[in-house]
Amino acid sequence: MDSNQDISKVLQAAVVQAAESGQQLCLRGGNSKGFYGRELTGEPFDLSKHQGIVNYEPTELVVTARGGTPLSEIEAVLAAQHQMLPFEPPHFSDQSTIGGAIASGLSGPRRPWFGAPRDLLLGIKLLDGRGQILNFGGQVMKNVAGYDLSRPMAGALGTLGILLEVSIKVLPLPPQETTLLFEADTENAHAITQSLRLDAAPISGSCHMDRQLHIRLECDETRVLLLRNRFGGEMVEDADMFWRALRDQQFAFFQTDAPLWRLSMPPAADFHLPGKQLTEWGGALRWFKGDHPMETIRSAVSTTGGHATLFRNGDRSGEIFHPLNPTIALLHRRLKQVFDPKFIFNPGRLYPE
Amino acid sequence: MQGQSDNNSLRRQRQRRTLADAFLKMLPTEAVIFRDEELVPYECDGLSAYRQVPLIVLLPYDTSQVQAILRYCHTNKIPVVARGAGTGLSGGALPHEDGVLLSLARLNKILEVDQPNMCARVQPGVRNLAISDAARSHGLYYAPDPSSQIACSIGGNVAENAGGVHCLKYGLTVNNLLEVTLITIDGDRITLGGGGLDSPGLDLLALMTGSEGMLGVVVEVLVKLLPIPTKAQVILAAFDEVEAAGNAVAVIIANGIIPAGLELMDNLSLRAAEAFIHAGYPVEAAAILLCELDGSEDEVTVSVASVCAILKQSGASEVRISRDEAERQLFWAGRKAAFPAVGRISPDYYCMDGTIPRKQLAMVLKKIAEMSERYDLRCANVFHAGDGNLHPLILYDANIPGELEKAERFGGEILELCVAVGGTITGEHGVGLEKIDQMCAQFPDAELEIFHAVKAAFDPDNLLNPGKAIPTLSRCAEFGAMHVHAGQLRFPELERF
């Protein structure tokens, strides 16, 4: 069966009807990230049938796909041309879609060096809360005509509209990747990562957990041997599985019913609350489990210039995302009104409305 | 008529006096500029064809003064145009006749270079190149490098989402910012982004970047810094046909190589640059490609060899590799001075900034050549070939009556062609006032209405840089009436995207 189909007219009609009746919709692609964000409300609204790659020209470094296209399909098509989605999106299930990957704004281990969805999103076709189909951005790398209304859709969790199509910058797959493993406590792990970063080593992933530091490097073994002579570490065989498991949160660390915090902070920041920690992104992302009141965690992270998200578990009706300054919160409400004046899309998924 | 303009001038003098009195109460004397002869330097930015003397110029020394200015303007409904170094090429900082020109030039301190976190906290008036200069002793640099980087300020870079020759590999301004603090029209101070790689809620930092001073005034920026690559080399390749040069770019990318910079210059622009800089460019070539590769010693050695092979296979008549840092700089100097170089061979030039899918390059250049004959104006082309950003430079003489208008029509037609082939009217210079009519060619009414609504979400009274970047629907209706002759769009032979 050819799954490639454009059902934008069907979706548009349904949105127009929902807007008229005030029916709130819970947007759903592959339904793999329902755990993320504030609790789901509204009628489930399936977007997964709107799928297919619309345009892909490897030498233009851009792929355009319908929001419901499975990530696995896009990645396979890109891989056949030795290219990749540079933000290495997590696949929380086999059904994960490109629309969901962009809407969640989440990235994998490659993020600090290759960018997040917001960095790579070049253009969108959006179905807004009035049922209008709108185009922002485009299929070219550089575009400053009008306000950039594409990038803010990355991470908006569908609260501003439905991503009918997304155009994304792609990059060549690294010809070779090698992983080094170091035995290191937190302090040493930090020192090793910093030295490699400042040395302009071609890092494409870092993970520190249980005194083990894995560093993925985009280079062949000859260069890795040179780096190893200076920085130490052991070469890891078949590390692909490791990085995929990290990306998709398959490690035992993530298998928990306890609150799992996602802490985003400056890479060199100190964070000393007692608990279990897994550090990625050269220090800029810390996964944290610890029995502390929300306020304690938030204020410890805020002082570093970062922010804390209750990523999994805990009270999903509470403040999942870091509270906003009142002026910024007001701007959020006004932008919501611009795109979704009837408040039908994913009500309250980001912040209470 | 004479009486009316005298009245107008009297009214402006009175308004100017009122504003000067008000601002002198809240700002130091040197921060308030209101004498005719002192206002003139602010009448235009880098697009000197458009000029307007502002009512008053304010040069605050700190953020709290910026807040006080915006609060006053908000209360009294006075338009405010923010200005950085004034190097913009689209008239984005063109003053408003009845407004304040707010220069951020005195907020010019580098507050901190943070090596462990690889970032720098700077004020908006800091020059782009000064950031890299300050970071160098830490082994770091700021990647986006617009050609005007010696002079342009980071605040302006944020407002325009400035690019440069290294964008393909290292991204635009939006990809190299961590945090921006700005003052809203109400005088509120807000910080978007943060010290980490993302921030909670909607990505307003992305929205703010490139918003051309329409949504807020930037007062502080935290930029990302990168380690200086161990090695960088430039390859210069000459081609007998522009098309072959364009195809070579596609082959380089198809081979999995992302150069740090990849630039194409056509014969007219490379001749002009050679006459000016003496970079050793082959003046007989139809086009040259400059391809920079950076990274570790080994990486660069390997990729330089592959790129050279690709260029030769793609029909390059000559391939040169920079032998040392001085020669690398020299190869770039010609390209970076292309605009002023063209300025030397023509009394005036008009710089366009379309982006096109790279595969359309040969066709677009052919059409531009046809237009050049039809308008009887020469046109030099420089092209950020890696990312499809084309800068046609239309040569004209403003002293010949009607020639500027002709150049503008020529430019407008080029931009509409860029849209028609699936590209955009501006890749990195911004819409400003210059390309406001072409916005009508790029966006239908529904999108434009959303833009106006977004503007109103930040600035309900339309006081920040009013009249720029986003055309009114009625302006587009007039523009449409003018451009669609007998129901025919321009370029009817092209498939529409």
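Residues that are assigned to a loop (DSSP other than H, G, I, E, B) and within 23 Å of residue A:108 (Cα to Cα) were ranked within region A:291-313; the one that is farthest from the other protein chains (Cβ to nearest Cβ) is A:313.
All told, residue B:156 falls short of being in contact (Cβ under 8 Å) with a residue 12 or more places away in the chain and on the phi > 0 side of the Ramachandran plot. Please verify whether region B:384-391 includes one or more residues that are within 14 Å of chain A (Cβ to nearest Cβ), surrounded by 16 or more Cβ atoms within 10 Å (Cβ to Cβ) and touching a Ser or Thr at 6+ places or on another chain (Cβ under 6 Å). Yes, because at least one residue in region B:384-391 is within 14 Å of chain A (Cβ to nearest Cβ), surrounded by 16 or more Cβ atoms within 10 Å (Cβ to Cβ) and touching a Ser or Thr at 6+ places or on another chain (Cβ under 6 Å). Restricting the first member to region B:459-479 and to residues that are within 14 Å of chain A (Cβ to nearest Cβ) and outside any helix (DSSP H, G or I), and the second to residues that are among the charged types (D, E, K, R) and surrounded by 23 or more Cβ atoms within 10 Å (Cβ to Cβ), the beta-carbon pairs closer than 8 Å and six or more apart or on different chains are B:465/B:212; B:468/B:212; B:469/B:212. Against the list (1) within 14 Å of chain A (Cβ to nearest Cβ); (2) at pLDDT below 95, the condition residue B:307 fails is (2). Every residue in region B:1-52 that is touching a Pro at 6+ places or on another chain (Cβ under 7 Å) and either outside any helix (DSSP H, G or I) or modelled with pLDDT under 95 (or both), please. B:27, B:43, B:52 - these are the residues of region B:1-52 that are touching a Pro at 6+ places or on another chain (Cβ under 7 Å) and either outside any helix (DSSP H, G or I) or modelled with pLDDT under 95 (or both). Of all residues in region B:263-301, those satisfying the criterion of being of a type in the set (Asp, Glu), within 14 Å of another protein chain (Cβ to nearest Cβ) and crowded, with 20+ Cβ neighbours inside 10 Å are B:263, B:294.
Among the criteria (1) among the β-branched types (Val, Ile, Thr); (2) facing another protein chain (nearest Cβ under 10 Å); (3) in contact with a Lys or Arg (Cβ under 9 Å, 6 or more places away or on another chain), the one residue B:154 does not fulfil is (2). For residue A:260, the stated conditions hold: it is closer than 23 Å to residue A:116 by Cβ and in contact with a Phe, Trp or Tyr (Cβ under 6 Å, 6 or more places away or on another chain).
Taking the conditions exactly as written (at pLDDT 95 or above and either in a strand (DSSP E or B) or touching a Cys at 6+ places or on another chain (Cβ under 9 Å) (or both)), does residue A:11 satisfy them or not? So residue A:11 does not fit the description; no. Where strands (runs of 3 or more DSSP E) fall entirely within region A:153-249, those with at least 2 residues that are aliphatic (A, V, I, L, M) and away from every other protein chain (no Cβ under 14 Å) are at A:162-169, A:178-183, A:212-217, A:234-236. Kindly list the number of the only condition in (1) more than 9 Å from chain B (Cβ to nearest Cβ); (2) touching a helix residue (DSSP H, G or I) at 6+ places or on another chain (Cβ under 8 Å) that fails for residue A:337. Unmet condition: (1).
Within region B:155-199, the residues that satisfy the criterion of being in a loop (DSSP other than H, G, I, E, B), under 24 Å from residue A:304 (Cα atoms) and not hydrophobic (A, V, I, L, M, F, W, C) are B:188, B:194, B:195, B:196, B:198, B:199. When you look at residue B:67, is it out of contact with any Phe, Trp or Tyr (no Cβ under 7 Å at 6 or more places or on another chain), under 17 Å from residue B:436 (Cβ atoms) and at pLDDT 95 or above, yes or no? No, not satisfied.
Comparison of A:275, A:305 shows that the only residue that is within 22 Å of the chain's Cα centre (by Cα) and in the same structural domain as residue A:193 (by TED's automatic domain parsing) is A:305.
The set of residues in region B:302-333 that are surrounded by fewer than 14 Cβ atoms within 10 Å (Cβ to Cβ) and either under 23 Å from residue B:243 (Cβ atoms) or hydroxyl-bearing (Ser, Thr, Tyr) (or both) comprises B:309, B:313.
Among the residues examined, residue B:165 does not qualify as touching a residue at least 40 places away in the same chain (Cβ under 8 Å), among the β-branched types (Val, Ile, Thr) and under 30 Å from residue A:326 (Cα atoms).
Taking region B:67-86 as the range and being over 27 Å from residue B:150 (Cβ atoms) and under 27 Å from the mean Cα position of the chain (by Cα) as the test, the residues that pass are B:67, B:69, B:70, B:78, B:79, B:80. Per the listing A:48, A:8, the residue uniquely of a type in the set (Ser, Thr, Tyr) and either surrounded by fewer than 17 Cβ atoms within 10 Å (Cβ to Cβ) or in contact with an Asp or Glu (Cβ under 9 Å, 6 or more places away or on another chain) (or both) is A:8.
When region A:212-225 is filtered for residues that are touching a helix residue (DSSP H, G or I) at 6+ places or on another chain (Cβ under 8 Å), within 19 Å of residue A:191 (Cβ to Cβ) and free of Cβ contacts under 8 Å to residues at least 40 places away in the same chain, the ones remaining, listed by number, are A:213, A:214, A:215. Among the residues of region A:251-261, those that are touching a residue at least 12 places away in the same chain (Cβ under 8 Å) and either part of a loop (DSSP other than H, G, I, E, B) or surrounded by fewer than 20 Cβ atoms within 10 Å (Cβ to Cβ) (or both) comprise A:251, A:253, A:254, A:256, A:257, A:258, A:259. Do we find a residue being within 14 Å of another protein chain (Cβ to nearest Cβ), more than 28 Å from the chain's Cα centre (by Cα), part of a helix (DSSP H, G or I) and of a type in the set (A, V, I, L, M) anywhere in region B:311-332? Checking region B:311-332: not a single residue is within 14 Å of another protein chain (Cβ to nearest Cβ), more than 28 Å from the chain's Cα centre (by Cα), part of a helix (DSSP H, G or I) and of a type in the set (A, V, I, L, M).
Looking only at residues that are assigned to a loop (DSSP other than H, G, I, E, B) and small (Gly, Ala, Ser) in region B:205-222, which one is farthest from the other protein chains (Cβ to nearest Cβ)? Checked region B:205-222; the qualifying residue farthest from the other protein chains (Cβ to nearest Cβ) is B:213. Just one of the listed residues (B:419, B:454) is in contact with a Leu (Cβ under 8 Å, 6 or more places away or on another chain), within 10 Å of chain A (Cβ to nearest Cβ) and in a helix (DSSP H, G or I), namely B:454. Take residue B:254 and decide whether it is surrounded by fewer than 24 Cβ atoms within 10 Å (Cβ to Cβ), at pLDDT 95 or above and under 30 Å from residue A:171 (Cβ atoms). Considered against the rule, which asks whether it is surrounded by fewer than 24 Cβ atoms within 10 Å (Cβ to Cβ), at pLDDT 95 or above and under 30 Å from residue A:171 (Cβ atoms), residue B:254 comes out as no. Of the conditions (1) more than 8 Å from every other protein chain (Cβ to nearest Cβ); (2) closer than 20 Å to residue B:269 by Cα; (3) free of Cβ contacts under 8 Å to residues at least 60 places away in the same chain; (4) in contact with a strand residue (DSSP E or B) (Cβ under 7 Å, 6 or more places away or on another chain), residue B:403 fails just one. Which one is it? Going through the list (1) more than 8 Å from every other protein chain (Cβ to nearest Cβ); (2) closer than 20 Å to residue B:269 by Cα; (3) free of Cβ contacts under 8 Å to residues at least 60 places away in the same chain; (4) in contact with a strand residue (DSSP E or B) (Cβ under 7 Å, 6 or more places away or on another chain), residue B:403 breaks only (2). Consider residue B:134 carefully, then state whether it is surrounded by fewer than 24 Cβ atoms within 10 Å (Cβ to Cβ), touching a residue at least 12 places away in the same chain (Cβ under 8 Å) and either within 27 Å of residue B:341 (Cα to Cα) or not aliphatic (A, V, I, L, M) (or both). No: the conditions fail for residue B:134.
The values are calculated or read from the model by the stated rules, or taken from the named source; none is laboratory data. In this text, all values refer to a predicted model and were calculated from it rather than measured experimentally. Cβ: placed from backbone, ideal geometry, glycine included. Neighbour counts: every protein chain shown.
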